[in-house]
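Values quoted throughout were computed directly from the atomic coordinates according to the rules given, and no laboratory measurement underlies them. The structure displayed is predicted, hence computed values, not measured ones. FYI the Cβ positions are ideal-geometry reconstructions off the backbone, even for glycines, and counts take in every protein chain you see.
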Amino acid sequence: MHSAIALAALSGLALVNAQVPGATTIEGSPTYDGLPVPGTTGKLGNAAITQHNPQCVTYNATLPSTGSIQGYVAATANANGTGVFFNVFLTGLPSESLGPFLYHIHDQPVPADGNCTATEAHLDPYIRGEIPPCDNTQPETCQVGDLTGKHGNVTISPFAAQYSDLYVSTQAGLGSFLGNRSINIHSANTTRLACANFELVSSSCNSSTSGSNSTTSTTAPKPFLGSASTTFVSIGAVAAGLVAFLL
Ligand SMILES: [Cu+2]
């Protein structure tokens, strides 16, 4: 299980250790040691709220059972078709000293050899880029795939979060579609620790396109209106947040 991690770490070692402005992270963008700059948005503008997302499908990315980090990121359209509801569970995360941990939707799927680096950068159809960091008070200005930027880092293990993201889509064909992409789990220095592809796990509606939403999957989680994780508040978390901003 460690070989893939070691490979990923080695492949990015020279890069992720060079946490200085102008260096290149394993994520493929220069590091940035500043705070979010409100109003920074994509070259193509703010992300659009996704609507008419298919009601009866769930995409789930389950981390490989061979890895030390286990868990899943599941996505189901909200009941009104606007945005996507995420159900996240992660466990087996390494030492807290490597955190806070991050996870993102990456643009490309994981190849058969499991190489997380091949998933390329974050899902970013509006060409936002990673810097300055996401301002979570303006999620429409963030990279669509930057789930921890918008909804909070992983600061505890096991970790569970449920939230709605208005900018991701379960509608195939859109730039914000996550179904043919992957999730990556990172340490605070962006090293890729684990990755998995989103796969269609349920499609309980019939093929009718009449617009009926009455057959929403009974397993679809309910929208969660709170923040992703508010139970872990400490000096360490504050310090970790500062570290995250330094990336
Ligand atoms: Cu990532």
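Brief remarks follow.
- A straight chain from Q138 to L35 at 0.36 nm per residue would run longer than the Cα-Cα distance by 35.7 nm.
- Footprinting exposure proxy for E199, E140 (fewest neighbouring C-beta atoms within 10 Å first): E199, E140
- Reported to the nearest whole Å, the Cα centre-to-centre distance from segment 135-165 to segment 185-203 is 14.
- A118-A79 pseudo-label distance in nm [points 7 Å out on the Cα-to-Cβ vector]: 4.1 nm
- Segment 174-185 - phi-based ³J(HN,Hα) in whole Hz, Karplus 6.51/-1.76/1.60, Gly and Pro as x: 7, x, 8, 5, 9, x, 10, 10, 9, 10, 10, 9
- Taking 0.36 nm per residue of separation and subtracting the current Cα-Cα distance, fully stretching the chain between K43 and A160 would add 38.8 nm.
- Gyration tensor (alpha-carbon) shape descriptor, segment 95-213, a/c threshold 1.5: prolate
- Residue separation of L98 and S68 scaled by 0.36 nm, minus their Cα-Cα distance, works out to 9.4 nm of gained length.
- Sorted fewest first by neighbouring Cβ atoms within 10 angstrom, H151, H122 come out as H151, H122.
- Cut-off 14 Å between beta-carbons: net charge of the residues surrounding H151, Lys and Arg +1, Asp and Glu -1: -3
- The Cα atoms of segment 36-101 give a gyration tensor whose axes a ≥ b ≥ c have a/c of 1.5 or more with a/b no greater than b/c, which makes the shape oblate.
- When each of K43, K150 is scored by the number of other beta-carbon atoms lying within 10 Å, the sequence from fewest to most is K43, K150.
- Taking amide H as placed 1.01 Å from N in the peptide plane, the amide H of S182 sits under 5 Å from that of H106, Q108, F198, each at least 5 places away or on another chain.
- Cα-based shape type of segment 78-147, given that a ≥ b ≥ c are square roots of the gyration tensor eigenvalues and the cut on a/c is 1.5: rounded
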